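Peer 1: Sending over a structure as structure tokens; questions will come in a sec.
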Amino acid sequence: MNAYPPILSSLIRKLSSLPGLGEKSATRIAMYLLKAPGGEAESLAENIRQLRDNIRSCSICFHFTDEPVCAICGDPARNIGEVCVVETTADLLAIEQSGAFKGRYHVLQGVLAPLDGVGPEQIRIKELFSRLGSEKISEIIIATNPSSEGEATAHYLLQILKDSPVRITRIAYGIPMGGDLKYTDRITLERALKGRQAF
Ligand SMILES: [Zn+2]
């Protein structure tokens with residue numbers, strides 16, 4: 001990489017530090033930007049600058065927005081009684097794309113990971129708690145991921161919320177569509193059986 005002018009190698013280094021980009025792709029993108037027509041590189045740079053200046057967390061649910069309140073929280077058609085707790089905005093968007101949920105969300109912006117120094121204070125747990133006092137919430141659906149951190153976070157939430165009058169539920173786990181029982185891991189099968197429902 002030393003053969004490149006310093007500005008170019010600096011850009012390649014920065015691009016390759018982005019998630020999902022290796023040095024090869026970073027070099028390809030840098031070369032493309034160098035020759036990109038019609039102000040494309042300038043407009044990308046401007047877009048990144050605007051992103052940092054204008055995108056913030058929704059003051060209610062902590063989803064990303066360029067307004068004080070996000071489009072979901074501001075939508076009067078959403079069911080304000082149901083709040084789905086997710087780890088990240090990416091998880092929120094995945095649930096939104098399913099079209100299966102019409103309530104509102106609470107984005108924790110992380111999961112409990114004591115070994116990495118992430119405790120309850122580092123994620124948006126107290127904000128969830130204060131929503132219980134200010135909104136007419138009847139059900140909290142915990143949709144953290146089925147990872148060890150996601151599970152630990154779900155159990156922590158259950159502990160601190162169990163004395164509140166709201167109904168606390170956890171999303172079900174089971175066999176994925178197109179899956180095969182004989183190739184399904186033991187824990188997933190166990191959960192699928194425990195979470196069985198009447199037809
Ligand atoms: Zn919101």
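Peer 1: So which lysines pass the test for residue 24, namely a Cα distance under 21 Å, with those fewer than 8 places away in the same chain ruled out?
Peer 2: Excluding near neighbours in sequence, the set is 14, 35.
Peer 1: Quick check for you: which residues of segment 87-116 have the amide N under 17 Å from the point 7 Å beyond the Cα of residue 197 toward its beta carbon?
Peer 2: The answer is 95-96, 98-103, whose backbone nitrogens lie closer than 17 Å to the label point.
Peer 1: Suppose we look only past 24 Å in the calculated P(r) of the chain. What percent of the Cα-Cα pairs does that tail hold?
Peer 2: Working: 11151 of 19701 pairs.
Tail fraction, whole percent: 57.
Peer 1: Turning to a different aspect of this structure: Work out the FRET efficiency for residue 132 and residue 96 from their Cβ-Cβ distance, taking R0 = 35 Å, and round it to the nearest 0.05. If you can, show how the numbers build up before the last one.
Peer 2: Details: r = 23 Å, r/R0 = 0.65.
Between residue 132 and residue 96 the formula returns 0.95.
Peer 1: If you don't mind, another one. For segment 112-199, what is one quarter of the convex hull surface built on the Cα atoms, given in nm²?
Peer 2: Values: hull surface 31.5 nm².
So the mean shadow area of the Cα hull is 7.9 nm².
Peer 1: Against the longest alpha carbon principal axis of the chain, how many degrees, from 0 to 90 and to the nearest 10, is the axis of helix 40-54 turned?
Peer 2: 40
Peer 1: Using the Cβ atoms and a cut-off under 14 Å, what net charge is assigned to the surroundings of residue 12, where Lys and Arg are +1 and Asp and Glu are -1? Present the calculation step by step, with values, prior to reporting the outcome.
Peer 2: Values: positive: 13, 14, 24, 28; negative: 23.
Surrounding charge for residue 12 is +3.
Peer 1: Show which lysines lie in cross-link reach of residue 136 when reach means a straight Cα distance below 25 angstrom and same-chain residues fewer than eight apart are skipped.
Peer 2: 102, 126, 162
Peer 1: A further question follows. Provide the FRET efficiency to the nearest 0.05 for the residue 121-residue 44 pair, computing r from the beta carbons and using R0 = 41 Å.
Peer 2: In this case the efficiency is close to 0.70.
Peer 1: With a ≥ b ≥ c taken as the square roots of the eigenvalues of the C-alpha gyration tensor of segment 6-53, please select rounded if a/c is under 1.5 and otherwise prolate if a/b is larger than b/c or oblate if it is not?
Peer 2: Numbers: a/c = 1.93, a/b = 1.25, b/c = 1.55.
Oblate shape, in that a/c is at least 1.5 and b/c is the bigger or equal ratio.
Peer 1: Another question, then. Cα gyration tensor of segment 86-134, axes a ≥ b ≥ c as square roots of the eigenvalues: rounded (a/c below 1.5), prolate (a/b > b/c) or oblate? Walk me through the intermediate numbers first.
Peer 2: Values: a/c = 4.21, a/b = 1.41, b/c = 2.98.
Judged from the Cα gyration tensor, segment 86-134 comes out oblate (a/c at least 1.5, b/c at or above a/b).
Peer 1: Next question, about the same structure. In straight Cα distance, which lysines are under 23 Å from residue 182, not counting same-chain residues fewer than 8 positions off?
Peer 2: In chain and number order, the partners are 194.
Peer 1: Per DSSP helix of 4 or more residues, -39500 (n - 2.57); summed, then divided by the residues of the chain. What does that give at 222 nm, rounded to the nearest 500? Spell out each step's value before the answer.
Peer 2: Numbers: 7 runs with 82 residues, N = 199.
Computed mean residue ellipticity for the chain: -12500 deg cm²/dmol.
Just so you know, all these numbers are worked out from the coordinates, no wet-lab data involved. As the structure is a prediction and not an experimental result, all values here were calculated from the model. Glycine gets a Cβ as well: all are built from the backbone with ideal geometry, and neighbour counts include every protein chain shown.
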